[in-house]
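For reference, the structure is listed below as structure tokens.
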Amino acid sequence: MSNLRDQILASKGLSPVPVSCPEWGEGVVIHVHPLTADQRDALEEESTELAAQADFAPGAGRRRLHARAVVRAARDAEGKPIFRLEDVEALAGKDARVLDRLYRVVDRLSAVSEEEVQALLGKSAGTPGGASSSDSAASSG
């Protein structure tokens, strides 16, 4: 029997969830995988950077949040990524109902809710006034 560390490191985590997306074609099923900690951190870092670029204007950090999360979590039946990061803009132009359906699964599996993004940005927005937006973004990483 292995020790706890080995058990944790060998674990596979939550199973992917198949989501039917008939709006994208007959039989289209997206397998939503839980985000890794690195993927979630990257998503949060993007949100902070977007907010900083807009001087923390309300909603700036949430820009394309659904598409950015789905790009990272969507896989085919074999577990291969469907999208690349450069697909975010194109995916954001798709039916919001489908993205919302997929995003809700990403949130359930990976806890990337808009409320958590807002809380993260609230901390960033409270950065002392002496730091510029670029200083704030650079110091968060």
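What follows draws every value from the coordinates through simple rules; no lab data is involved. Keep in mind it's a predicted model, so treat the numbers as computed, not measured. Neighbour counts are summed over all protein chains in view; Cβ atoms, including those assigned to glycine, are modelled from backbone coordinates with ideal geometry.
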* To do: Sticking with the crude label model, points 7 Å out along Cα→Cβ, report the distance from Thr36 to Ile82 in nm, one decimal please.
  => 2.1
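If you count, for each residue, the other Cβ atoms within 10 Å and average over each peptide, how do 42-49, 56-63 line up from highest to lowest?
Working: 42-49: 19.0, 56-63: 16.1.
For the peptides 42-49, 56-63, the packing ranking is 42-49, 56-63.
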* Structure fact -> Most exposed to least, judged by fewest other Cβ atoms within 10 Å, Ser11, Ser110 sort to Ser11, Ser110
* To do: Report the Stokes-Einstein translational diffusion coefficient (µm² s⁻¹, integer) for segment 1-122, Rh taken as the Kirkwood radius over Cα pairs, at 4 °C with viscosity 1.567 mPa s.
  => 84
* Asked: Calculated FRET efficiency, Ala90 and Leu14, Cβ-Cβ r, R0 25 Å, to nearest 0.05?
  -> 0.35
